[in-house]
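What follows is a short report on a single structure.
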């Protein structure tokens, strides 16, 4: 087998592993990737609507900032809770009393 076949197989295996990891963590990756892309868009000098247009120029940056904050909030909300005494903290379970029929 030629060396470039081995390199191509290694690249293929690498991309398969990356695809599996992305599939498993797709929601977390999506939130943080969108927040990062929106942050880059805000910091970038290139805009969909240039800033010299009075209201619309800043409006797209403000909308991108609001969406970025939303994606960050969703990403933080998905993080696991801190452990206390070796157990995960969670909301207490409430059990409703079901009336017995006579």
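Every number here is computed from the coordinates shown, using simple stated rules; none is lab data. Keep in mind that this is a model prediction, so the values were computed, not measured. So basically every Cβ, Gly included, is an ideal-geometry build from the backbone, and we count neighbours across all protein chains shown.
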Q. In Å, what Rg and Dmax follow from the Cα atoms of the stretch 25-80?
A. 12.9, 43
Q: Give the residues of the stretch 21-42 whose amide nitrogen is closer than 11 Å to a point set 7 Å from the Cα of residue 74 in the direction of its Cβ.
A: 27-35
